[in-house]
1. Name the helices (runs of 4 or more DSSP H) wholly inside the stretch 130-239 in which the number of residues that are buried (at least 21 other Cβ atoms within 10 Å of the Cβ) and within 14 Å of the chain's Cα centre (by Cα) is 1 or more.
2. If I ask for residues that are in contact with a strand residue (DSSP E or B) (Cβ under 9 Å, 6 or more places away or on another chain), touching a residue at least 60 places away in the same chain (Cβ under 8 Å) and assigned to a loop (DSSP other than H, G, I, E, B), which ones from the stretch 88-101 would you list?
3. With the structure loaded, tell me whether residue 34 is touching a strand residue (DSSP E or B) at 6+ places or on another chain (Cβ under 6 Å) and assigned to a strand (DSSP E or B) or whether it fails that test.
4. Contact list please: Cβ distance under 7 Å, first residue in the stretch 154-180 and on the phi > 0 side of the Ramachandran plot, second residue modelled with pLDDT of 95 or more, pairs at least six apart or on different chains.
5. Being out of contact with any strand residue (DSSP E or B) (no Cβ under 6 Å at 6 or more places or on another chain) and loosely packed, with under 15 Cβ neighbours inside 10 Å narrows it down to one of 117, 85, so name that one.
6. Sort out which residues of the stretch 9-56 are more than 19 Å from the chain's Cα centre (by Cα) and either more than 24 Å from residue 81 (Cα to Cα) or free of Cβ contacts under 8 Å to residues at least 12 places away in the same chain (or both), and write them in order of number.
7. Considering only the stretch 240-250, how many residues are free of Cβ contacts under 8 Å to residues at least 40 places away in the same chain and part of a loop (DSSP other than H, G, I, E, B)?
8. Just name the residue that is surrounded by the most Cβ atoms within 10 Å (Cβ to Cβ) out of those in the stretch 94-114 that are out of contact with any helix residue (DSSP H, G or I) (no Cβ under 7 Å at 6 or more places or on another chain) and over 28 Å from residue 67 (Cα atoms).
């Protein structure tokens, strides 16, 4: 069974349709990249997978998004538990104005963890999984805002991992970072896919080709083509995909 299966997904902002009959499935423990020009629906689609779009007034969604066979838009869905299972990393790092330790411990505390020893173990394990432990282990009680941009982004990933998600959504997670920090995030994605199912929005086609197993090309709210990354970039089936990849537009 697919980890994520999206069927005939339409999304409207008021009268304006932003996503058109999207059908896309995703295997467990794989990386899917979403590419396409600005405003094509990539980030909009990403936010339907943990119901972040619910927070925007006037949004209407039809169709189905099934995660582990359950439609997340069913009336009995617990959205808090959904967002624990399906975590999100944003374009700009957004650490809390708290210590490094408190940034990571925040989520487990919200979900009821009070044991100090257990919290310390979660913090250490999450920072190790985010490839940040060695850089911050002596700074756990200093403000997270003192970290570099790349470190802050990995901290935000560690903060997600601390609540035990199964799916990681990444919305252009390196677009605000320098090349070295970008490389560290890409290396991290390669390590994380052994444990997590990952979907990443990126403007950078080189990045998509480096980090993903499959790539989906969006244009004007339509999913034009989706395939194994190496095939989509070398032998696309649709002319629009070929035109975009070759730089004729976008």
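The values are calculated or read from the model by the stated rules, or taken from the named source; none is laboratory data. If you're wondering where the values come from, they're calculated on a predicted model, not measured in any experiment. As a convention, Cβ positions derive from the backbone with ideal geometry for all residues, glycine included, and neighbour counts pool all protein chains shown.
1. So the answer is 149-161, 179-192, 205-211.
2. Listed by number, the residues that qualify are 90, 91, 95.
3. Considered against the rule, which asks whether it is touching a strand residue (DSSP E or B) at 6+ places or on another chain (Cβ under 6 Å) and assigned to a strand (DSSP E or B), residue 34 comes out as yes.
4. Once the first residue is on the phi > 0 side of the Ramachandran plot and sits in the stretch 154-180, its partners that are modelled with pLDDT of 95 or more give 172/201; 172/202.
5. It is 117.
6. Passing the criteria: 12, 13, 14, 15, 16, 17, 18, 20, 21.
7. Of the residues in the stretch 240-250, 3 are free of Cβ contacts under 8 Å to residues at least 40 places away in the same chain and part of a loop (DSSP other than H, G, I, E, B).
8. Only one residue tops the list, namely 102.
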